[in-house]
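A.B. asks: Take a look at the following structure, please.
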Amino acid sequence: MRVIRIGILGFGTVGEGTYRMLVDNADEVFAKTAARFEVKRVGVRDLTKPRSISQDLITDDLKSIVTDPEIDVVLELMGGEEPANKMVQLALENGKHVVTANKELIAKHGSRLINFAKDSGLDLHFEAAVGGGIPVVQPLKHQLAGNDVIKIMGILNGTTNYILTQMEEQGADFADALAEAQVKGYAEADPTADVDGFDTMYKISILAAISFGKQIPLEKVHREGIRSVSAADMHYAKHFGYKIKLLGICEETGEGEVLVRVHPTLVPLEHQIARVSGVYNALWLHGDFVGDLMFSGRGAGADPTASAVVGDLIDVARNVVAGGNGSAIPYGEGMQVAKMGDLETRYYVRFEVADRPGTLGEIATAFSRRQVGLAQMEMITKTGGLGEIAFMTHVCRESDFGTAIQEVARLGSVSKLEGWFRVEE
Ligand SMILES: NC(=O)c1ccc[n+]([C@@H]2O[C@H](COP(=O)([O-])OP(=O)(O)OC[C@H]3O[C@@H](n4cnc5c(N)ncnc54)[C@H](OP(=O)(O)O)[C@@H]3O)[C@@H](O)[C@H]2O)c1
């Protein structure tokens, strides 16, 4: 019987969940790999914290784990860019296979690390980095690899989906919904990574890199979070037949060129992705042969994420037992990323206006000067001679739409541009 020795870097939510799954499901894992896993060492930052495992396993010397000649596989479950990047590189240099759940690491350094692993005949897997327990990375790398993937859209962050669901169902404003998510443990005390779209940006960039074969330069990804979404926008979106979701979207815009973006998006109520609520995640894609496909499930949490980490570990173990080389599918650098100004889609926009005859005509004329056609409209009267007016446009270029709303905002009959979002059909 082959014994595979593991070093774990990080024993927080995911590290502890993975350890528990390896112990609880040892027989299932053995039946599928003909190997036994033995956790030899666990690296943490704070040696004084109480742990659910023997203190003999614990160390704060991460280097001693990744260079230990007896360790076959390193699980990097710490998160963040450093020291994860250095430790994964060092583990590979020392001949260890690596499984990581770290989206930031793979989004920033995936190309280099995967190529290094491939050249060294080692495995580097990262299923848990995108979608937690939902298998999306392996299907894109394997079963769907023969497709020309034309578009991917995902709800890839449970915290923001929970907040938006609360806003939609209870009419709550962003600040109240965020505070509630923090009390319930769905949002961090510092929610920046989630609500400002960084987490979704890392995940959609990884999916784009796998699908389109090159690492995405993160500085070229358009990123907006959900702080600008209000209860009023939720209300109008519903009136027009949409929900507002934070989506990561990547699509082919030309030969060797993609557009990768993260922003709140109006999604038609009848689209499968609009029905994904609360902390659930979903990934929808369209491939030329497979057609439309959707995966959904729990995108975070100890158990679902452990499921993805252990799945990757089983893949490694099968290779080790079979004496095979690394099956990493490398991708190159330098993907061409299209500009947002060239995007063509529909838009939702809301203004505060003077509630008097002629206002609507002035606005419609200003939009049409920039080739922006209006498809739907809703207007309400507020107090003090003011009104609120929301539009859905026809498909137009983002650069034209951007110019048009600035010109509308300067009209005498318009007191404020309240907000605008892109629409996906
Ligand atoms: N939580 C989820 O639901 C989830 C889902 C999918 C993917 N992930 C990814 O999984 C990874 C781990 O997330 P988590 O939620 O488990 O994090 P966590 O609960 O904060 O645990 C992090 C662990 O790593 C250790 N650590 C952090 N920095 C370290 C350093 N510089 N040196 C040594 N040890 C260090 C911590 O040590 P101490 O215990 O001593 O503090 C802790 O044990 C991240 O990449 C995250 O993005 C998480």
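Computed from the coordinates by the stated procedures, all read-outs in this text should not be read as laboratory data. The model shown is predicted, which means the values in this text are computed figures rather than measured ones. Methodologically, a virtual Cβ is constructed for each residue, glycine included, from the backbone with ideal geometry; neighbour enumeration extends over all protein chains shown.
A.B. asks: Just report the Cα centroid separation between the stretch 346-423 and the stretch 243-299, whole Å.
C.D. replies: 27 Å
A.B. asks: In nm, to one decimal, how far is the residue 270 label point from the residue 333 one, both placed 7 Å along Cα→Cβ?
C.D. replies: So the label points at residue 270 and residue 333 sit 4.8 nm apart.
A.B. asks: For the chain, set up a Gaussian network in which alpha carbons nearer than 10 Å are linked by springs, and say which option among 152, 163, 329 fluctuates the most.
C.D. replies: 329
A.B. asks: DSSP loop trypsin sites (Lys or Arg not before Pro) in the stretch 307-386 with at most 14 other Cβ atoms within 10 Å of their Cβ, which ones?
C.D. replies: When the trypsin sites (Lys or Arg not before Pro) of the stretch 307-386 are filtered for loop state and at most 14 Cβ neighbours within 10 Å, 339, 382 remain.
A.B. asks: Taking the Cα centre as origin and putting +1 on Lys and Arg beta-carbons and -1 on Asp and Glu beta-carbons, what dipole magnitude results for the stretch 354-425, to the nearest 20 debye?
C.D. replies: 260 debye
A.B. asks: Could you name the lysines whose alpha carbon sits less than 26 Å from that of residue 382, not counting residues in the same chain fewer than 8 places away?
C.D. replies: 238, 243, 416
A.B. asks: May I pose another question? In whole percent, what relative contact order does the chain give with Cα contacts below 8 Å and a gap of six or more residues?
C.D. replies: Averaging sequence separation for qualifying contacts and normalising by length gives 17 percent for the chain.
A.B. asks: If you don't mind, another one. At a Förster radius of 45 Å, what calculated FRET efficiency corresponds to the Cβ-Cβ distance of residue 86 and residue 294, to the nearest 0.05?
C.D. replies: With R0 = 45 Å, the Cβ-Cβ based efficiency is 0.75.
A.B. asks: For the residue pair residue 145 and residue 407, what label-to-label distance in nm results when each label sits 7 Å from Cα along the Cα-to-beta-carbon direction?
C.D. replies: In this crude label model, residue 145 to residue 407 measures out at 5.1 nm.
A.B. asks: Would you kindly derive the ³J(HN,Hα) couplings of the stretch 133-144 from the backbone phi angles with the Karplus curve 6.51 cos²θ - 1.76 cosθ + 1.60 (θ = phi - 60°), listing them in order in whole Hz, with x for Gly and Pro?
C.D. replies: x, 7, x, 10, 5, 4, x, 5, 6, 10, 4, 9
A.B. asks: Would you mind working out the magnitude of the charge dipole of the chain relative to its Cα centre, with +1 at each Lys and Arg C-beta and -1 at each Asp and Glu C-beta, to the nearest 20 Debye?
C.D. replies: It works out to roughly 120 debye.
A.B. asks: Mind jotting down the distance between the C-alpha centroids of the stretch 112-151 and the stretch 221-241, whole Å?
C.D. replies: After rounding, the separation between the Cα centres reads 32 Å.
A.B. asks: Can you give the extra length, in nm with one decimal, that the chain gains between residue 220 and residue 364 once fully stretched, where that is 0.36 nm per residue apart less the Cα-Cα distance?
C.D. replies: My answer for the length gained is 48.5 nm.
A.B. asks: Here's another thing I want to ask about it. Please report 250, 396 as a ranked list, fewest other C-beta atoms within 10 angstrom at the top and most at the bottom.
C.D. replies: Fewest to most other Cβ atoms nearby, the residues stand as 396, 250.
A.B. asks: Something else now. In a GNM of the chain with a 10 Å cut-off on Cα contacts, which of 405, 249, 206 has the highest mean-square fluctuation?
C.D. replies: Of 405, 249, 206, the Gaussian network model singles out 405 as fluctuating most.
A.B. asks: While we're on this one: Would you mind working out the magnitude of the charge dipole of the stretch 138-298 relative to its Cα centre, with +1 at each Lys and Arg C-beta and -1 at each Asp and Glu C-beta, to the nearest 20 Debye?
C.D. replies: It works out to roughly 280 debye.
A.B. asks: Using Cα springs under 10 Å in a Gaussian network model of the chain, which residue among 122, 246, 47 shows the largest mean-square fluctuation?
C.D. replies: The residue with the greatest mean-square fluctuation here is 47.
A.B. asks: With a point put 7 Å past each Cα toward its Cβ, work out how far residue 61 is from residue 94 in nm, to one decimal.
C.D. replies: Each label point lies 7 Å from its Cα, and together they span 1.0 nm.
A.B. asks: To make sure I understand the rule: partners must be lysines, Cα under 23 Å from the Cα of residue 103, and not fewer than 8 residues away in the same chain. Which ones qualify?
C.D. replies: Answer for residue 103, where 23 Å is the Cα cut-off: 63, 86, 118, 141, 151, 203, 214, 220, 245, listed by chain and number.
A.B. asks: For residue 36, list long-range residues whose amide hydrogen, built 1.01 Å from N in the peptide plane, is under 5 Å from its own amide hydrogen.
C.D. replies: Counting only residues 5 or more places away or on other chains, the set is 2, 3, 4.
A.B. asks: To the nearest 0.05, what FRET efficiency results for residue 53 and residue 255 with a Förster distance of 45 Å applied to their C-beta separation?
C.D. replies: Calculated value: 0.30.
A.B. asks: May I pose another question? Out of residues 5 or more away from residue 224 or on other chains, whose amide H comes under 5 Å of its own, with H placed 1.01 Å from N in the peptide plane?
C.D. replies: Under 5 Å from the amide H of residue 224 lie the amide H atoms of 262, 263, each far enough along the sequence or on another chain.
A.B. asks: Work out which helices of the chain, taken as complete DSSP H runs, extend at least 20 Å along their axis over the Cα atoms and score a mean Kyte-Doolittle of -1.0 or more, then list them.
C.D. replies: Span-like helices here: 103-119, 198-212, 302-322.
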